[in-house]
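Here the structure comes first, spelled out in structure tokens, and everything after it is commentary.
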Amino acid sequence: MTTTASTPAPTAGESATEFPLAFQLTPSTDARAEAEREAILADPGFGKHFTDHMVSIEWTIDDGWHNAEVMPYGPISLDPAASVLHYAQEIFEGLKAYRHADGSIHTFRPEANAARLQRSAGRLALPQLSTTDFVESLKQLIAVDGSWVPDAPETSLYLRPFMFATESFLGVRAARKVGFYVIASPAGTYFTGGVAPVNIWLSTEFNRAGRGGMGAAKTGGNYASSLLPQELAYEKGCAQVLFLDSQEGKYLEELGGMNLFLVYKDGTLVTPASSSILEGITRDSIMQLARDRGHNVEIRQVEIEEWKAGSASGDIVEVFACGTAAVIAPVAQLLGEDFALGTAGAPAGELTMSLRQELTDIQYGRIPDRHGWLTRLDA
């Protein structure tokens, strides 16, 4: 097997790769038949079914990144003392592969995902995989599992790269052995029956992340902390939960897994600023598209009281959340223990839906990609 060229041993949080990795293919002997695969693609849901292969790359403090392989999808063997199980040293990413009308397969801004994975790795004392190897890992998986990319409207193949500490060691320090993987799952239409505005619940009892913590990293702990408040939001009839800052409890942060935008009547878009917010790639893309149209876009602290006042005065005219899975989700109401902002059953805002349409048109190749955001994976 070919590995990277010899380089000085890296420390966790630094890049270990100087030259592109060479991938070895071990084809699955148990790949699904075409009829079974097509049945899955006809009704994939989200995260329920997985393709026939996955990517695996190993890292050690002595050898750097090596043993890059596309292998059959299956269980990962871990020692009970693997440090990820005890100290949660893990990160992940999420992006999609889209089939265009000509049959080609593209993904959206993978370099941005690679950069965010590197930032997350730095925060969690994990090694950084190069952008070149990150993108190549996606191409290698699509090379064998491209038939899993659906072609129905608003469907895609969700790609989940992730990295975690595999060293068997109970001492509290950064692991010296790490695994990077990519798995893929066909994804159906997020909104069945069309895009529907959702209600969200304001959590005042729980926080997603704290100042100086891991909020800006895409790591499982941030999502674990949102699960209980999310369950409470479901009990209130809401689809998502919104968190406030952990210090003063008055500034908007983000939802359990999505960023937030407020749209003002003068056309200004405002998205909360905080050191504990995950910088969404969908969020960044929406800001660019809005600026292209001449809208003022602000990234700043936003108090919950500003939202309440803007809702009462009519100054805030639209609210939406955004993320990889839903792209853009219109918000009808924000509910709290003693208030409700917005109107139940209100239709999605005009700008909200227009931005969603433009972004998805770019992703699916229906309009020109003037920003060079698309990367072809099957060529």
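The values are calculated or read from the model by the stated rules, or taken from the named source; none is laboratory data. A quick note: this is a predicted structure, and the numbers were derived from the prediction, not measured. Please note: Cβ atoms are built from the backbone with ideal geometry, for glycine as well, and neighbour counts cover all protein chains shown. Protein only, heavy atoms only, side chains kept; ligands, DNA and RNA dropped before computing areas. Shrake-Rupley method; radii C 1.70, N 1.55, O 1.52, S 1.80 Å.
A few points about this structure:
- Folded to 0 to 90 degrees: helix 281-292 orientation relative to the chain principal axis, Cα: 50 degrees
- Computed over the stretch 329-378, the ratio Rg/Rh where both radii use C-alpha atoms and Rh is Kirkwood: 1.23
- Sum of side-chain charges, I200 neighbourhood, beta-carbon under 15 Å (Lys, Arg +1; Asp, Glu -1): -3
- Net +/- balance of residues flanking E136 in space, Cβ distance below 14 Å, scoring K and R +1, D and E -1: -2
- Per residue of the chain, the DSSP helices (runs of n ≥ 4 H) give a summed -39500 (n - 2.57) that works out to -7500 deg cm²/dmol at 222 nm.
- Against the chain, whose longest principal axis comes from its Cα atoms, helix 131-145 is set at around 80 degrees.
- Relative to one another, the C-alpha centroids of the stretch 257-299 and the stretch 192-239 are positioned 19 Å apart.
- The share of accessible area on the chain that comes from carbon and sulfur is 50 percent, using a 1.4 angstrom probe.
- Take the Cβ atoms of V297 and F92, set R0 to 30 Å, and the FRET efficiency comes out at 0.60.
- Label-point separation, T189 to F46 (7 Å along Cα→Cβ), nm: 1.5 nm
- Taking the C-alpha atoms only, the angle from helix 304-313 to the longest principal axis of the chain is near 40 degrees.
- Residue-normalised accessible area of the chain, given per residue in Å² at a 1.4 Å probe: 43 Å²
- Around E38: net Lys/Arg minus Asp/Glu count, Cβ-Cβ under 13 Å: -2
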